[in-house]
Amino acid sequence: MALDPYKVLGVPRTATEAEIKKAYRAKAKALHPDLHPNDEKKAEEFKQASAAFAILGDKEQKAKFDRGEIDGDGNPRGFAGGGPGAGEGFPGGGGFRWESRGGAQGDPFEDILSGMFGGGGRRRNPGPIKGRDVRYRVEISFEDAVTGARRRMTMADGSALDVNIPAGITTGQVLRLKSQGQPSPTDGPPGDALLEVEVAGSPVWTREGNNLRMSVPVDLKKAVLGGSVDVKTPTGSVSLKVPAGSNTGAQLRLKGKGVQVSPPGDLYVRLEIVLADPKDEGLKRWAEGR
């Protein structure tokens, strides 16, 4: 369910614009990821606070929320997802799912956090106004998140963009595409496109930080005598040496074959011993002790 932006920012529904901005500034200062690297809980709280301000910091969006026309994610109430087309693929999009909605006027990060990190506050006469940012949700493959990739994505308006997907990206992180949002109404710079990423699961690998894990079947003969098996990694197949006397549950490490950050993570392979031919007569005689 969508969060209540008033509860997220800790302000009453009667809060003024200045009180909302003050509450968001306090939240952002306390939770900003630059101050808490690798703290996923604070990063999630920061994201929620930013999403809440995107609603309450925009007069039009705030009015719609107060009237019950949209929920805390900016989605129309009474509809599943983000409106027509949400959750559906677009031609040429490679299976990417998009959900689009306008954000607050300009970028609340730049406006509110500028004063926090040494920049000036909003001027009384700001001049040309930046266009609205547009937010999308996009699903990327597990492999692209592990290795990084450059993909051409078809946007909701039909335009195609080449997007760099950095290795190591995780669900919930946001990619910013400069100047790909809505045009300015006053000849200012266009807004940005914000791509909130969702990483698809994999039937082969699971991820733990920058390391990957998987299971590989090994026939009984190789487990007893030793040998090698082909292992599929996100960067291609490799040959893995299986020591003689291996058993189910043994784990072997492929160094540098995990998430391709710097330094890259490792891939841990769990061996599962199987019978190449369960009906093999020689195996049956051996088991019977003949």
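Every read-out reported here was derived from the displayed coordinates using simple, explicitly stated rules and does not represent laboratory data. Bear in mind the structure is a predicted one, so any value in this text is a computation, not a measurement. For neighbour counting, all protein chains shown are included, and Cβ atoms are generated from backbone atoms with ideal geometry for every residue, glycine included.
Give me 239, 184, 50 sorted ascending by neighbouring Cβ count inside 10 Å, so fewest comes first. Spell out each step's value before the answer.
Working: 239 8, 184 16, 50 24.
The fewest-first ordering by Cβ neighbours comes to 239, 184, 50.
Exactly which GluC sites (Glu not before Pro) in the stretch 184-256 are in a DSSP loop and have at most 13 other Cβ atoms within 10 Å?
none
Rounded to a whole number of µm²/s, how large is the Stokes-Einstein D of the stretch 206-276 at 25 °C and 0.890 mPa s, given Rh as the Kirkwood radius over C-alpha pairs?
199
Where Rh is the Kirkwood radius over the Cα pairs of the stretch 125-278, the temperature 20 °C and the viscosity 1.002 mPa s, what D in µm²/s does Stokes-Einstein return?
Numbers: Rh = 18.3 Å.
The calculation lands on 117 µm²/s.
Share of Cα-Cα pairs in the stretch 1-78 beyond 19 Å, in percent? Numbers along the way, then the final one.
Details: 1018 of 3003 pairs.
The answer is 34 percent, as a whole percent.
Taking K and R as +1 and D and E as -1, what net charge do the other residues with C-beta under 12 Å from the C-beta of residue 258 add up to? Intermediate results must be reported in sequence, preceding the final value.
Working: positive: 207, 213, 253, 255, 257; negative: 208, 266.
Once all neighbours under 12 Å are counted, the net charge is +3.
In what order do 268, 24, 136 fall by count of nearby beta-carbon atoms within 10 Å, going from fewest to most?
The most exposed by this proxy come first: 268, 136, 24.
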